[in-house]
Amino acid sequence: MRTLLILGATGSIGTTALNAVRQKKLDVRITGLVAHSSSDRLRALAEEFSCPFTLNTDSSSLRSFIRANRADIALNAIAGAAGLEASLFCLQEGMDLALANKESVVMGGQVLFDEAKKNKARIIPVDSEHSAIYHLLKGRPDAESLVITASGGPFLGRGDLENVSPEEAANHPTWKMGRKISIDSSTLANKGLEVIEAGFLFNMPADRIEVTIHRQSVVHSMVRMKDGSVYAQLSPPDMTLPIVSAVNDDRQVLHEVVRPLSFSGLTLTFQDWDRTEFPLLALAYKALERKKSYPVAFNAADEVAVAAFCDRKIRYTDIARIVSAVMEEDWSAEITSYEDIIVQDRLARLKAGQLCSCHI
Ligand code: NAD
Ligand code: MG
């Protein structure tokens, strides 16, 4: 039986993955569970799935746990920058990686893919848009461009966002997710991270990645071919499918992972996004165009600004202002190692932190 290690087991993606195992949509033996908080829940899950667990408190114990509980594939569903180190540890153990933690790709860039290559390990995206593109590109590798769909979040077309609360911003219209990604979905910073993620995953320049607003979250992304045709992947908005298909990786024919899509009464709409309404998405495009340390700085600044907003230290509209100010700095330092990434990440966090304090 295929074996699976789950990192970020108590979060939204981790819970969906474990439900898929319970419901036998995923035929795997779990070798270990990792999380950062909720130790009682983690202990109960480890008992249920008869596997060891650890609360990640430091790098060396995480590395030893991953090494001791090696699996065929690891699902990295850790939230935020901490996911990068875990991804690298899994790849260094030669494990394939079902990757939900988009920050690993955004921050890691070429360093992550070089590590995978060196260890003959594969990176299979779990993010629904990238999962869609990954499957669409099989058999049609010569896409002209990638079209990533965005729900537009809870505030699309609404002005006057100065006094929005973290709870309102985290209330996503179509997906139930962790807090950071939900807030990022409202500013479209999440789409920005996904544009960068797609650039690295599929080796596409920024000008061949489109974003279209699609409120229903049924079309998970598309590929545009040179002949003018466009292929799309459609399914109900449920992360079970991208998780199960990444972990399964074409090994078994999957049946009824999500309910069949009904076309009765289904309306699909698409609209352009506005650069002034969503400056964070525009900044992410710039980060992908420039590469070097810009993607690391974008991710770090956004993480710091969102955390400050959640702590009610800055206003909702300050998130974009702070990320924009950080991106104005010089991030042209080349990145060739994990250490380089950490240095640039710290610098960007420091800068963003200073800017957040000025807004109090
Ligand atoms: P979440 O906040 O619900 O869960 C995060 C999990 O990671 C928790 O189990 C937490 O304990 C664990 N964690 C946090 N820091 C850790 C650390 N340092 N070491 C070990 N574990 C740690 O987040 P989520 O919504 O499940 O998202 C997880 C990742 O998947 C993010 O990168 C997100 O962008 C991505 N993603 C999520 C969704 C979704 O539907 N939720 C969709 C696409 C991509
Ligand atoms: Mg996504």
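The values are calculated or read from the model by the stated rules, or taken from the named source; none is laboratory data. Please read these numbers as outputs of a predicted model, since none were measured by experiment. Glycine gets a Cβ as well: all are built from the backbone with ideal geometry, and neighbour counts include every protein chain shown. Keep in mind that these areas ignore ligands, DNA and RNA; they rest on the heavy atoms of the full protein, side chains included. Shrake-Rupley method; radii C 1.70, N 1.55, O 1.52, S 1.80 Å.
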Note to self: C-alpha centroids of segment 338-360 and segment 76-133 sit apart, in Å, by 23
The distance between the Cα centres of segment 179-219 and segment 259-285, in whole Å, is 10
So what is the diffusion coefficient of the chain in µm² per second by Stokes-Einstein at 25 °C and 0.890 mPa s, using a Kirkwood Rh over Cα pairs? 119
Roll a 1.4 Å probe over the protein heavy atoms and report the accessible area of residue 238 in Å², nearest 10. 60
Counting other Cβ atoms within 10 Å of each Cβ, which trypsin sites (Lys or Arg not before Pro) in segment 1-44 have at most 11 and sit in a DSSP loop? 24
Counting only GluC sites (Glu not before Pro) that sit in a DSSP loop (anything but H, G, I, E, B) with at most 11 other Cβ atoms within 10 Å, what is the longest stretch of the chain containing none of them? 1-161
Of the accessible area of segment 212-360, with the probe set at 1.4 angstrom, what percent is carbon plus sulfur? 50
Just to confirm the filter: which trypsin sites (Lys or Arg not before Pro) across segment 149-203 are DSSP coil and have at most 16 other Cβ within 10 angstrom of their Cβ? 158, 176
Give a residue-ordered list of calculated ³J(HN,Hα) values for segment 164-175 (Karplus: 6.51 cos²θ - 1.76 cosθ + 1.60, θ = phi - 60°; whole Hz; x for Gly, Pro). 5, 8, x, 5, 5, 5, 7, 8, 6, x, 10, 10
Accessible area of residue 264 in the full protein assembly, 1.4 Å probe (Å², nearest 10): 100
In whole percent, the fraction of accessible protein surface over segment 2-125 that belongs to carbon or sulfur atoms, probe radius 1.4 Å, stands at 48
Return the lysines within reach of residue 313: Cα separation strictly under 22 angstrom, same-chain partners fewer than 8 residues apart disregarded; answer none if there are no such residues. 180, 351
Based on the Cα coordinates of segment 1-97, what is the per residue volume of their convex hull in Å³? 84
Filter the trypsin sites (Lys or Arg not before Pro) in segment 65-139 to those in DSSP coil with at most 11 other Cβ atoms within 10 Å of their Cβ, and list the result. 120, 138
Can you return the lysines within cross-link range of residue 138? Criterion is Cα-Cα under 25 Å, with same-chain partners fewer than 8 residues away left out. 25, 102, 117, 118, 120, 191, 226
Heavy-atom surface of the chain, accessible at 1.4 Å and reported per residue (Å²): 44
